[in-house]
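Participant: Take a look at this one; I'll ask things after.
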Amino acid sequence: MGVVNRRNSAAHTSNQNKTTSIQLPLGIFGTVLAVLFIGFVAWSYQTIQPPPPKICGSLNGPTITAPRIKLRDGRNLAYKEHGVPKDVAKHKIIFVHGFDACRHDAYVAKTLSPDVAEVLGVYIVSFDRPGYGESDPHPNQTVKSLALDIEELTDKLGLGSKFYIIGFSLGGQVVWRCLKYIPHRLAGAVLIAPVLNYWWAGLPANLTNEVFYQQKLQDQWTVRVAHYIPWLTYWWNTQKWFPSSSLIADSIDLLSLQDRELLPKRSDRKNHVAQVRQQGEHETVHRDLILAFGSWEFSPLDLENPFPNNEGSVHIWQGDEDLIVPVKVQRYIAQKLPWIQYHELQGAGHLFPHVDGRRRW
């Protein structure tokens with residue numbers, strides 16, 4: 001009987017040892033999995049977080065070379081003046097640059113003859129939009145905030161109660177915002193090949209779908225990310241697994257035949273192109289994508305005529321061979337807003353503002 005008890009006891013001890021030997025590896029495996037998961041989450045979080053911008057004038061930041069005005073919230077806007085002195089100007093114009101550009105890319109000022117500027121009394125001020133060039137970034141930038149920045153810029157420069165505004169490409173989209181939020185300050189407005197938002201209310205789904213799917217697949221996804229999951233915009237445009245924005249990559253595939261012929265006229269950009277993104281890509285080109293294609297609190301198609309008594313006018317200029325901004329949508333917007341004076345240029349691409357002013361369309 002004692003022998004049996006000893007055998008049972010030995011068997012029980014053996015079973016306990018086996019149970020213990022099985023639980024220990026499982027516990028370690030669970031811990032390893034937990035550590036790996038936490039590490040993956042931390043790595044993922046770090047991957048989608050953009051690096052801090054290199055603020056102009058800060059320690060190790062770019063040097064400040066341009067005149068700047070300080071806004072109410074403490075940010076600075078860098079600007080550049082063109083034409084006649086503002087004190088004697090008859091026409092005071094704000095120029096808003098496009099995507100991946102800066103105050104030096106004031107095409108209207110560059111193509112305007114000094115003699116014409118003198119005779120007509122034209123003063124133009126271009127500025128670096130927030131984050132670009134030497135203007136401070138604005139991480140909390142909204143569709144409305146830039147219009148208010150422009151209003152404050154004109155006040156700080158003493159341009160008076162009314163001014164004209166011209167915007168090119170994405171800068172043209174900014175003009176829509178000014179027509180919404182500060183129409184009482186405008187003497188007139190010009191939108192040159194203004195970028196569209198595929199989610200603006202009032203645009204027919206069949207039209208937006210048609211032009212949306214005419215984009216390269218990589219650009220379709222870039223726009224989708226900016227609209228639906230904007231917090232992934234930095235990651236999407238810096239990851240190496242899939243091709244991202246061809247616009248950020250400055251792909252020549254986006255240029256029409258005329259655009260390619262005009263490229264030599266942009267050769268002066270080499271003198272300042274390093275300044276454009278010098279504070280970081282996220283607060284420049286990535287922020288542009290988020291704002292341009294995000295959710296807007298208004299649609300341009302809902303705007304009313306800001307000049308009901310014909311005291312001013314609004315113009316859209318668009319090339320019919322523009323491969324970046326689809327002409328079909330501009331035509332539709334112009335039809336729905338009869339107070340818009342629409343000008344379509346045959347054979348023109350996106351870069352037609354570089355064309356010699358003597359050309360006849």
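Participant: Among the listed residues ASP250, ASP259, which satisfies the condition of being touching a residue at least 24 places away in the same chain (Cβ under 8 Å), outside any loop (DSSP other than H, G, I, E, B) and of a type in the set (D, E, K, R)?
Facilitator: One residue alone meets the criteria, ASP259.
Participant: All but one of (1) over 14 Å from the mean Cα position of the chain (by Cα); (2) exposed (fewer than 14 other Cβ atoms within 10 Å of the Cβ); (3) among the small types (Gly, Ala, Ser); (4) closer than 21 Å to GLN215 by Cβ hold for ALA274; which doesn't?
Facilitator: (4)
Participant: Do any residues in the range 89-112 that are within 15 Å of LEU170 (Cβ to Cβ) have Cβ atoms under 8 Å from those of residues that are assigned to a loop (DSSP other than H, G, I, E, B) and among the basic types (Lys, Arg), where the two are at least six apart or on different chains, and which pairs are they?
Facilitator: What qualifies is VAL96/ARG129; HIS97/ARG103; HIS97/ARG129; ASP100/ARG277.
Participant: For LYS180, state whether it is touching a Lys or Arg at 6+ places or on another chain (Cβ under 7 Å), modelled with pLDDT of 95 or more, open to solvent by 10 Å² or more (accessible area, probe 1.4 Å) and of a type outside the set (Phe, Trp, Tyr).
Facilitator: no
Participant: Separate question: Identify all residues within the range 214-251 that are closer than 19 Å to HIS350 by Cβ, open to solvent by 80 Å² or more (accessible area, probe 1.4 Å) and more than 18 Å from the chain's Cα centre (by Cα); write none if there are none.
Facilitator: Selection gives GLN214 alone.
Participant: Within the range 197-213, count every residue that is hydroxyl-bearing (Ser, Thr, Tyr) and surrounded by 12 or more Cβ atoms within 10 Å (Cβ to Cβ). Show your work before the answer.
Facilitator: Initial filter on the range 197-213 (hydroxyl-bearing (Ser, Thr, Tyr)): 198, 208, 213.
Next, from what is left, pick out any that are surrounded by 12 or more Cβ atoms within 10 Å (Cβ to Cβ): 198, 208.
Matching residues across the range 197-213 total 2.
Participant: Now a separate question. In the list ALA292, ALA334, which residue meets the criterion of being open to solvent by less than 30 Å² (accessible area, probe 1.4 Å), farther than 29 Å from PRO230 by Cβ and at pLDDT 95 or above?
Facilitator: Working: ALA292 fails: farther than 29 Å from PRO230 by Cβ.
Residue meeting the stated conditions: ALA334.
Participant: If you scan the range 262-311, which residues turn out to be in contact (Cβ under 8 Å) with a residue 60 or more places away in the chain and on the phi > 0 side of the Ramachandran plot?
Facilitator: Passing the criteria: only GLY280.
Participant: While we're on this one: Anything in the range 295-331 that is of a type in the set (Val, Ile, Thr) and surrounded by fewer than 20 Cβ atoms within 10 Å (Cβ to Cβ)? List them, or say none.
Facilitator: VAL327
Participant: Within the range 144-156, restricting attention to residues that are open to solvent by less than 10 Å² (accessible area, probe 1.4 Å) and of a type in the set (A, V, I, L, M), which residue is farthest from the chain's Cα centre (by Cα)?
Facilitator: LEU153
Participant: Within the range 48-61, restricting attention to residues that are of a type outside the set (A, V, I, L, M) and touching an Asp or Glu at 6+ places or on another chain (Cβ under 7 Å), which residue is surrounded by the fewest Cβ atoms within 10 Å (Cβ to Cβ)?
Facilitator: Applying the filter and picking the extreme gives PRO53.
The values are calculated or read from the model by the stated rules, or taken from the named source; none is laboratory data. What you are looking at is a predicted structure, and each value in this text was computed from that prediction instead of being measured. As a convention, Cβ positions derive from the backbone with ideal geometry for all residues, glycine included, and neighbour counts pool all protein chains shown. The accessibility values were calculated without ligands, DNA or RNA, using every heavy atom of the protein model including side chains. Shrake-Rupley method; radii C 1.70, N 1.55, O 1.52, S 1.80 Å.
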